[in-house]
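A short write-up of the structure that comes next.
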Amino acid sequence: MTIGPGPAFEDRAADWLAPGDAQRRVLEGCPLLPPERVLLQEALGRALAEDVLADVTLPPWDNAAMDGYAVRSEDVEGASASAPTVLRVHSLARAGGTPAPGVGPGEAVRIMTGAPIPPGADSVIRVEDTDAEAEPGRVRVLRDRDAHGNVRPGGQDVRPGDRVLEVGQSVVPGTIGVLAALGRTGVVVRRRPSVAILVTGDELRPVERYEDVRRGAGVPESNGPMLVAAASAAGAVPIHLGIVPDDRAALSVAVERAADADALVTVGGASMGEADLVKKVLGDMGLRLEFWRVRMRPGSPFSFGRLERGSRAQAVFGLPGNPVSAFVTFELFARPWLLRVAGHRDVHRRRVVCRAGEELRGGERTLFLRVRLDGSGADLWARPTGRQASGLVRGLAATQGLAIVPEGARIAEGDPVEVIVLDAGPAATDLPSLERLPT
């Protein structure tokens, strides 16, 4: 694929795309990564690369839906506490055990949940509707509500030839359960995308050099660890290139180190300052810039392009250096791209309509405000996590969603606001506790 260089980054006028247009441009023409077969325990978080067709019947036979007695319905219809039906119990059927003999007139089989229904039986009477064999070998049926009931038919769930799972479905724990139930030890999924993360800035200090920060000789480097975590959470394989100084030669070496990655994410160095060299280095290496600048806050200096790497084009995401800007632009642009090339059918976060916890005002650009979510159901409130300046990191830990405030909009407290819901942690407050669930 020959993409050729475009106009020099510094010579190109800002595009100022709307956020939705920018996202569509990023996702246009995403290549799918090749498929590979993996063991079930390695498939979590991946996307299915082929449909899964059943070659078995589930349940494999008619089986008991609860513990009780397998009987013929005609023997128990009309049974009551005042006029019980008495049946002879001749066998015990357990799930996974030897199938029980058939049930004839006046007979019953003690049966456990999941055990095959014996020939002749068409009902399972629950234990509490009997005297539980007060006289061993004889059971008194005291109620007939289970006549024709508590039998799970064979093939009720899956039959041979059924398309059980489809291409593009994300593998979640429930998917693993389905595949195991179908007798599969492995599954065909798309390869995980690799993403190289390059953070630049002479002023940045990793945690190993935090003493520099304490004495005012450096700035904490939080973007690299944050984006490595974000890439991993998106199912990608992160390659952390470390902090690269503001030096053309060093940046060129770092970009070359990322040559084998499916995507390159650069952080910082893409504005108009004298030391912002990333755009110049990438331009010298032949970057085809698709667009630069988005009408959004935070994150307007975001850029996206493609860099020729032999026979393929590497996606290059240029993220702003402020931590909140990097967080939001990765979430809106890089994460969906990583999911799309990995074959996932659903690449966007869920959106919900909440009530604004305070007045929200838009400006000349669309705002993406970090919010926490309080309440549940129709009474869900979106409350800002604190000051929204793009250099303030504290609120990121409390962020459960991004509230979207369109350009020029004014959303009064209590009015509807659309929120992009991020993955909630175990301390999320938007789900009911067990004490609040229906009983």
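Before moving on, here are some points about what is shown:
- Around Val124: net Lys/Arg minus Asp/Glu count, Cβ-Cβ under 12 Å: 0
- Relative to the longest principal axis of the Cα atoms of the chain, the long axis of helix 223-233 lies at roughly 30 degrees.
- Label separation (Val56 vs Arg126): 2.9 nm, computed from points 7 Å beyond Cα along the C-beta direction.
- Shown here for the range 267-347: GluC sites (Glu not before Pro) in loop regions (DSSP other than H, G, I, E, B) with at most 12 other Cβ atoms within 10 Å, namely Glu274.
- Ranked by the mean number of other Cβ atoms within 10 Å of their residues, highest first, the peptides 399-407, 62-70 come out as 62-70, 399-407.
- Calculated FRET efficiency for the pair Arg214/His240, C-beta based, R₀ 25 Å, to 0.05: 0.60
- Relative contact order (%) - the range 63-152, alpha-carbon pairs under 8 angstrom, separation at least six: 42
- Centre separation in Å (Cα based) which lies between the range 186-212 and the range 21-70: 30
- Here the calculated FRET efficiency for Val393 and Arg94, from their Cβ-Cβ distance with R0 = 60 Å, stands at 0.55, rounded to the nearest 0.05.
- Taken along the Cα-to-beta-carbon direction at a fixed 7 Å, the label points for Lys280 and Asp67 span 7.8 nm.
- Pairwise centroid distance, computed over Cα atoms, of the range 291-351 with the range 365-393, Å: 21
- Applying a DSSP loop filter and a limit of 11 other Cβ atoms within 10 Å to the GluC sites (Glu not before Pro) in the range 4-87 leaves Glu28.
- Loop-located trypsin sites (Lys or Arg not before Pro) in the range 140-208 whose Cβ has at most 14 other Cβ within 10 Å (DSSP): Arg145
- Residue list for the range 305-322, given a label point 7 angstrom along the Cα-to-Cβ vector of Ala259 and an amide N cut-off under 16 Å: 307-315
- Taking every C-alpha pair closer than 8 Å and separated by at least 6 residues, the mean separation divided by the residue count of the range 272-375 gives a relative contact order of 21 percent.
We did not get these values from a lab; they are worked out from the coordinates using the rules stated. In this text, all values refer to a predicted model and were calculated from it rather than measured experimentally. Virtual Cβ from ideal backbone geometry, glycine too; neighbours counted across all protein chains shown.
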